[in-house]
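K.L.:
So that we are looking at the same thing, I have put the structure below in structure tokens.
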4 protein chains.
Amino acid sequence: MSINTFGHLFRVTTWGESHGPALGATVDGCPPNVALTPEMLQHWLDKRKPGQNKNTTQRREPDAVEILSGMFEGKTTGTPLQLMIRNTDQRSKDYGDIVEKFRPGHADITYWQKYGIRDYRGGGRSSARETAARVAAGGVAREAIKTLAPNIQLTGYMVQMGDKTIDRARFDWDQIGQNDFWCPDPVMAAEWEEYLTWLRTKDHNSVGAVIEVVARNVPAGLGAPIYGKLDTDLAAAMMSINAVKGVEIGDGMAAAALTGRENADEISMGPNGPEYSSNHAGGILGGISTGQDIVVRFAVKPTSSILSTRQTITKAGEPTEIITKGRHDPCVGIRAVPVGEAMMACVILDHMLLHRGQVGENQGQIG
Amino acid sequence: MSINTFGHLFRVTTWGESHGPALGATVDGCPPNVALTPEMLQHWLDKRKPGQNKNTTQRREPDAVEILSGMFEGKTTGTPLQLMIRNTDQRSKDYGDIVEKFRPGHADITYWQKYGIRDYRGGGRSSARETAARVAAGGVAREAIKTLAPNIQLTGYMVQMGDKTIDRARFDWDQIGQNDFWCPDPVMAAEWEEYLTWLRTKDHNSVGAVIEVVARNVPAGLGAPIYGKLDTDLAAAMMSINAVKGVEIGDGMAAAALTGRENADEISMGPNGPEYSSNHAGGILGGISTGQDIVVRFAVKPTSSILSTRQTITKAGEPTEIITKGRHDPCVGIRAVPVGEAMMACVILDHMLLHRGQVGENQGQIG
Amino acid sequence: MSINTFGHLFRVTTWGESHGPALGATVDGCPPNVALTPEMLQHWLDKRKPGQNKNTTQRREPDAVEILSGMFEGKTTGTPLQLMIRNTDQRSKDYGDIVEKFRPGHADITYWQKYGIRDYRGGGRSSARETAARVAAGGVAREAIKTLAPNIQLTGYMVQMGDKTIDRARFDWDQIGQNDFWCPDPVMAAEWEEYLTWLRTKDHNSVGAVIEVVARNVPAGLGAPIYGKLDTDLAAAMMSINAVKGVEIGDGMAAAALTGRENADEISMGPNGPEYSSNHAGGILGGISTGQDIVVRFAVKPTSSILSTRQTITKAGEPTEIITKGRHDPCVGIRAVPVGEAMMACVILDHMLLHRGQVGENQGQIG
Amino acid sequence: MSINTFGHLFRVTTWGESHGPALGATVDGCPPNVALTPEMLQHWLDKRKPGQNKNTTQRREPDAVEILSGMFEGKTTGTPLQLMIRNTDQRSKDYGDIVEKFRPGHADITYWQKYGIRDYRGGGRSSARETAARVAAGGVAREAIKTLAPNIQLTGYMVQMGDKTIDRARFDWDQIGQNDFWCPDPVMAAEWEEYLTWLRTKDHNSVGAVIEVVARNVPAGLGAPIYGKLDTDLAAAMMSINAVKGVEIGDGMAAAALTGRENADEISMGPNGPEYSSNHAGGILGGISTGQDIVVRFAVKPTSSILSTRQTITKAGEPTEIITKGRHDPCVGIRAVPVGEAMMACVILDHMLLHRGQVGENQGQIG
């Protein structure tokens, strides 16, 4: 219901601006007795952290997370967790240009139109820096999932940069952590490297991307039809990430081009329950998980902060030009990978709890 | 928050099964003093109604809506509206095949796995018949919007059937109501007609589609960042519709292939406020409306109910085959058009109310 | 969150006006596989039904409930239940007096001030008739509780009418159903009978009452601190009932007069777990159930519809007088008993589900 | 919906434990452009702060609040405010006794039974220290109310300590800030002083109290029937405060003893709108404000932390005794006054926003 909160039973409220004293996440509804340390969260924050290689923004912040509440003797207590990250790299600089001008493609103009006041420093609340809080909350969700269902695995990776898409024939889970792009296709990773270097250093441009997140070994039965479907909540979670313009489940938009014979995943009985001949559905039927891999994809637009002159207007309505200097990611998709994973973790944990609360032990058996 | 409810201040709860006595929508939060008649809602229900032409299911139901509460002397009172539609075409038939077998691509198996009980008659709660209730609620939202902001126009149409996509150069708003497909491109409409006839009568197959819904003249400032963004709520609304597998805002998934220079919509000052050189963003920046057209697209998969034999299992886990007989839409995308419009209407009204509640008169002026 | 909805996981939305075509409750979140029939709900509706004896309003309605959805072969399916009650006794009468005048003590004036429109017929939405929908929903909750925890017993009764309070020394559970007042003290029941007859026939007046509702055998651990405490939700549930002006848990307001030594319930170990030397707390500590009886009381004010002339104003702001004719309860407390029970049932079921969703199997053991 | 959150549009989530590093409130939905400083919040925190005089606990903490987000250049931005208070007086002490034993009258046993883990240090999350976060949030609400409706005044005071109740004939608003008890009756204040000194120093006991909070100049029309009534939300808000066992609106429980002729507040027309002959209703009819003073009362039980031996059990189920040493309030009612005011402020602001969002400009006029 609230604006800065998501989740039904596992509820995450993020707060904070890019250049304020701190940002963080208030996490309510985490089950008690989950072993948790700041280091566990830091692991995921480090994955998202800027300045790690030349392909991401050179802003450098430790993004160190503190857990201020909800813990006792190394375990969660069932009370709210406060995860706080201090902003340390708040350069005292002249914000002159963006004080009065609206950057095209950014939320400067709409925040002004909505609220009549905006924190222009680094984009304020609309900065992608807000996603650090999501990643911290996602780390909590991961540990809770681990306690409840240790087999579940959540993995995100990039499948497209600009018009360059991975070759699924070369897909290798082990490659994902081996390059700067969380790319499962090593050939494509090399191609992206070259392309992004050119974009960044020569073309002074940016580019969009597609990220895929997969959850494996999720039990059947998660999802709360009709309006809390698992795919509905995943779509909302991903679309809420900065710069995301499209979300797909399973075959996604390509499902439109299929016929019924091509699309339906046929069912057979395997040793551990139902099995499927294919996974066009992305692991979700009628908004409920089938037990197959849950497959979500989302597209991020290219960042609008580029070193090229753009036409815009001032708050006074005067025409003007703007060049967005500063330290920006040439492809925000790279750092969106851990964010997508975090959102997936939060949604899945939430639905595990919701399913337990709604349905309890009533799950139907097959065979 | 709840499972069968959506919306923040304009809250719609749908209820009912395909073959139960009735279905409907409980609509809470409609502003008072909105002129409303059952006929106004019937107009939209008739648009979605099955059996209107040979391209949709031959199930015939009047889908007559009754307003049981929330009205006084032709106006809404601010109390909940109960919109009820009786199910009349509940053929007394032998459900034998689907009683024990799970239809591939349908929610039969997941409802069983989740709840341990399922109303197999016509898909029960997971039937697309549930969308009639959405269309009725959307009709209420349309009338409330008309009262609050008469200039807003909401229009849906099909842009793709199978792999056949409209030619935007032939786009004509006036054509949308002139064919069975809500297609703005008359040439493509004719092509679809031929293709669907073949699919239906010869190939005994079905096909997917892409629907686009556009809202024009929506004021700037709607949307509640970070987790109640306008695009977030639209994505959830569309993804909750039966068979939807992907949702796009503006350029959608194609944004991934663009560079920053291509993507950012440049801003200038027009006679009535800011204007944009293009609308890659689909009318939403940072989750807040810009005043440009709001453009949403969603893909529906082909219906899995086809006259072809499919492999599946029984509740007992035994392998078997199934052919889904019955009256089904060869392309559910056609009847998804008014459903998409209805969801858009609900989301936009909700955000008009929410914006008023959150921000009141504080909107920033430009120029 | 919504206005006409209450509950976290077991969510009840009531709808309908006193003199509209129907009223009812949309019940979402009921667990699947609960055996349910309309007769089970009718039992509780009959308890609340007007016109049953001379001590309640002579309006006569069958209050027959229909279950329109959410059921299959006699069991709940986990999808929303629609419980509808047709209004049959809508006398075609002249509403002249209350069309323009505001009845003192009623919501006529505030509904007008809030909404700018009001259904004056029988009080519209603000009529106590709305509570029939709650009683139906409470009947569902009772059956679900019976499935989950068969030992739980919920019982309401009147403990005070006007300034006449029962003698706890004469408290007898078996007496509660033996008189028109759900009174556990037969001596006081006789006294009330005499008093109410005089009030009704001679004094043309009405009187307030206090109702107590007790839940026995509720497991320890229910309640969601800090803002979803069991007592918080019970207080909200009872205060939302028409005419209620005060709510107490355990000792209630009288706790203010106690000292710490008097108030704290000492703990010992019994054969089935912790036992307490007393129950000042009303079965709730820190917002969580202790396993003791949960004791809630609420006061209803006397109905303002009396056959005495009262000063008021018209919509035009002119001073005037009004006598509220019609069929009214001289003591609305009598029919508030099943309503209080219903609200208690909904809250307890909701917290049983919520506890399961939040905490699962993590409950602490003692001994 | 969530456990540690309250409010519809103005949503407050409190977090933190008594002896953790910090506690605070995440405040979402505050309107933008409200002038705010930490000092404004500190004013109210100081009012609640312990150790200010001999009648409250001698724990001494500065309770200094930091605003970590949601502000820009001295004004709120419409994004979430994070209000953090560091815990400084975390004495490193031996918690031995309460580690294994459950203190009677405290939430020790129920937190254990619910969560299977509890932070026993100072009561952890169930400590009244949590109310500091509410007071900070209430300070934000007060400033927002001041911006929207400068005439509204919120005032709390104690009306009863033990069995000693103020004399309404001596009620003097100006006396409220002149004694340690926020008592409007100076004679009773002196009597309480003497009584509490004896309780604290000689009897080693504690005592309960009744607090009244009044909101003046609240506009007519606030409140969201049926389940978001103004009195419903106030009852929930007050009942959620630690140690509260009863809540009353207007005449409260005493309304039960009245007749209809006595109870209904007659209406006349005054220069500024409707006026009432009395205020039995406490400013609320049908859950909606009338424009009269809104009057809420709540009773707090005596603290169970007293220097007397009490019977209890250990986690192992063994019988034992406990004396709760430490620094405790002999009458927690004193410090509950600013907490009650804060809750009232939050609820009233929330309903001002909600009314705007729901009903907009449609309020009915009289005269």
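K.L.:
Can you tell me the order of D:139-149, C:348-358 when each peptide is scored by its average per-residue count of other Cβ atoms within 10 angstrom, highest first?
P.N.:
C:348-358, D:139-149
K.L.:
Moving on. Between C:Gly282, C:Leu349, C:Gly78, whose Cα lies farthest towards the positive end of the dipole of chain C when Lys and Arg beta carbons carry +1 and Asp and Glu beta carbons carry -1, centred on the Cα centre?
P.N.:
The residue sitting most towards the positive pole is C:Gly78.
K.L.:
Continuing with this model, one more query. Considering only the label points, 7 Å along Cα→Cβ from Cα, what distances in nm to one decimal separate B:Lys54 from the same position in each other copy, shortest first?
P.N.:
With the label placed 7 Å along Cα→Cβ, B:Lys54 yields 6.5, 7.5, 9.9 nm.
K.L.:
Could you check how much of the accessible area of the protein assembly as shown is carbon and sulfur, as a whole percent, using a 1.4 Å probe?
P.N.:
Using a 1.4 Å probe with all protein chains present, the protein assembly as shown comes out at 49 percent carbon and sulfur.
K.L.:
For peptide A:140-152, compute the average count of partner chain beta-carbon atoms within 10 Å of each residue's beta-carbon.
P.N.:
Working: counts 0, 0, 0, 0, 0, 0, 0, 2, 1, 0, 0, 0, 0.
Taking the mean over all residues of the peptide, I get 0.
K.L.:
Then there's this: Can you list, shortest first in nanometers, how far C:Ile323 lies from the same residue in the other copies, with each label 7 Å from Cα toward Cβ?
P.N.:
7.0, 7.8, 8.8
K.L.:
Mind listing the label-point distances from A:Leu307 to the same position on all other copies, shortest first, one decimal in nm, points 7 Å along Cα→Cβ?
P.N.:
Reported distances to equivalent positions: 6.5, 7.3, 9.2 nm.
K.L.:
Can you list the HN-Hα couplings for region D:131-148, worked out from phi with the Karplus curve (6.51, -1.76, 1.60; θ = phi - 60°), rounded to whole Hz and with x for Gly and Pro?
P.N.:
Values, residue by residue: 5, 4, 5, 5, 5, 4, 5, x, x, 4, 4, 4, 5, 5, 4, 4, 5, 7 Hz.
K.L.:
Cross-link candidates for B:Lys164: which aspartates and glutamates have Cα within less than 13 Å, leaving aside residues fewer than 8 places away along the same chain?
P.N.:
Correct list for B:Lys164: B:Asp185, B:Glu191, B:Glu193, B:Glu194.
K.L.:
For B:155-165, what's the mean count of beta carbons from other chains sitting within 10 Å of each residue's beta carbon?
P.N.:
Per residue, the average neighbour count from other chains is 2.
K.L.:
Angle, helix A:333-359 long axis vs. longest principal axis of chain A, Cα atoms, 0 to 90°, nearest 10?
P.N.:
40
K.L.:
Using θ = phi - 60° and the Karplus curve 6.51 cos²θ - 1.76 cosθ + 1.60, what whole-Hz ³J(HN,Hα) does each residue of region D:250-259 get, with Gly and Pro shown as x?
P.N.:
Karplus-based 3J(HN,Hα) across region D:250-259 equals x, 5, x, 4, 5, 4, 4, 8, 8, 9 Hz.
K.L.:
Select the chain A residue whose beta carbon lies nearest to the rotation axis carrying chain A onto chain D, and write the distance in whole Å.
P.N.:
Nearest to the symmetry axis by Cβ: A:Thr26, 2.
K.L.:
Could you give the nm distance between label points at D:Asp167 and B:Gln365, where each point is 7 Å from its Cα heading toward the beta carbon?
P.N.:
Each label point lies 7 Å from its Cα, and together they span 5.9 nm.
K.L.:
For a 26 Å ceiling on Cα separation, which of these pairs sit above it: A:Lys54/D:Lys75; A:Lys47/A:Lys75; A:Lys114/B:Lys47; B:Lys114/D:Lys229; C:Lys75/D:Lys229? Working shown, then result.
P.N.:
Numbers: A:Lys54/D:Lys75 38 Å; A:Lys47/A:Lys75 24 Å; A:Lys114/B:Lys47 35 Å; B:Lys114/D:Lys229 36 Å; C:Lys75/D:Lys229 34 Å.
Too far apart for the 26 Å limit: A:Lys54/D:Lys75; A:Lys114/B:Lys47; B:Lys114/D:Lys229; C:Lys75/D:Lys229.
K.L.:
Run lengths n ≥ 4 of DSSP H only: what is the helix-derived mean residue ellipticity at 222 nm for chain C, with -39500 (n - 2.57) per run over all residues, to the nearest 500?
P.N.:
Computed mean residue ellipticity for chain C: -8000 deg cm²/dmol.
K.L.:
Which whole-number percent is the relative contact order of chain B (Cα, under 8 Å, 6+ apart)?
P.N.:
It comes to 22 percent, rounded to a whole number.
K.L.:
Right, here's the next one. Starting from the Cα coordinates of the protein assembly as shown, work out the convex hull volume and express it per residue in Å³.
P.N.:
In the protein assembly as shown, the Cα convex hull volume per residue is 165 Å³.
K.L.:
Still on this model: On a 0 to 90 degree scale, rounded to 10, what angle separates helix C:38-48 from the longest Cα axis of chain C?
P.N.:
60
K.L.:
Here is a further query. How tilted is helix C:186-198 with respect to the longest principal axis of chain C? Cα atoms for both, answer in degrees (0 to 90, nearest 10).
P.N.:
Tilt relative to chain C: about 20 degrees.
K.L.:
DSSP loop (so not H, G, I, E, B), at most 11 other Cβ within 10 Å: list which GluC sites (Glu not before Pro) in region C:259-363 pass both filters.
P.N.:
Taking region C:259-363 and a limit of 11 other Cβ atoms within 10 Å, the loop GluC sites (Glu not before Pro) found are C:Glu361.
K.L.:
For D:118-127, what's the mean count of beta carbons from other chains sitting within 10 Å of each residue's beta carbon? It would help to have the intermediate numbers written out before the result.
P.N.:
Numbers: counts 6, 7, 1, 1, 0, 1, 5, 10, 7, 1.
The shielding value for this peptide is 4.
K.L.:
Still on this model: Ignoring ligands, DNA and RNA, how do A:Ser277, D:Ser240 rank by accessible area with a 1.4 Å probe, largest first?
P.N.:
Accessible-area ranking of A:Ser277, D:Ser240, largest first: A:Ser277, D:Ser240.
K.L.:
Quick one: buried accessible area between B and C, total over both chains, 1.4 angstrom probe, nearest 100 Å²?
P.N.:
Chains B and C together bury approximately 3200 Å².
K.L.:
Which values, in whole Å and largest first, are the semi-axes of the equivalent ellipsoid of region B:144-297 obtained as the square root of 5 times each eigenvalue of the Cα gyration tensor?
P.N.:
Each semi-axis is √(5λ); the values are 30, 17, 17 Å.
K.L.:
What's the magnitude of the charge dipole for chain D around its Cα centre, counting Lys and Arg as +1 and Asp and Glu as -1 at the beta-carbon? Answer in Debye, nearest 20.
P.N.:
1100
K.L.:
With r defined as the distance between the Cβ atoms of D:Gln178 and C:Ser308 and R0 fixed at 45 Å, what FRET efficiency is calculated, to the nearest 0.05?
P.N.:
Approximately 0.55, to the nearest 0.05.
K.L.:
Next up: Which value, in debye to the nearest 20, describes the size of the charge dipole of the protein assembly as shown about its Cα centre when Lys and Arg Cβ atoms bear +1, Asp and Glu Cβ atoms bear -1, and nothing else is charged?
P.N.:
Values: 152 positive and 168 negative charges, 1 e Å.
For this selection, approximately 0 debye.
K.L.:
On average over all directions, what projected area in square nanometres does region A:242-313 have, based on the convex hull of its Cα atoms?
P.N.:
Taking the Cα atoms of region A:242-313, their convex hull projects to 8.1 nm² on average.
K.L.:
Beyond 28 Å, what share of the Cα-Cα pairs of chain C remains, rounded to the nearest whole percent?
P.N.:
Cα-Cα pairs of chain C separated by over 28 Å account for 47 percent.
K.L.:
Could you work out how far apart the two model spin labels at A:Val99 and A:Glu73 are, taking each label as a point 7 Å from the Cα in the direction of the beta carbon, and quote it in nm?
P.N.:
So the label points at A:Val99 and A:Glu73 sit 5.5 nm apart.
K.L.:
Right, next: Calculate the length of the line joining the C-alpha centroid of region B:177-202 to that of region A:202-262, in whole Å.
P.N.:
29
K.L.:
With the cut-off at 1.5 for a/c, could you classify region C:106-186 from its C-alpha gyration tensor as rounded, prolate or oblate?
P.N.:
It is oblate, given that a/c is not under 1.5 and a/b is not larger than b/c.
K.L.:
What are the radius of gyration and Dmax of region C:63-139, computed over its Cα atoms and given in Å?
P.N.:
Just the Cα atoms of region C:63-139 yield Rg and Dmax of 16.7, 50 Å.
K.L.:
Can you compute the modelled spin-label distance between C:His43 and B:Arg216, with each label point 7 Å from Cα toward Cβ, in nm?
P.N.:
In this crude spin-label approximation the distance works out to 6.0 nm.
The values are calculated or read from the model by the stated rules, or taken from the named source; none is laboratory data. Bear in mind the structure is a predicted one, so any value in this text is a computation, not a measurement. Counting neighbours? That spans all protein chains shown, and the Cβs are built from the backbone with ideal geometry, glycine included. These area figures cover heavy atoms from the full protein model, side chains too; ligands, DNA and RNA do not enter into them. Shrake-Rupley method; radii C 1.70, N 1.55, O 1.52, S 1.80 Å.
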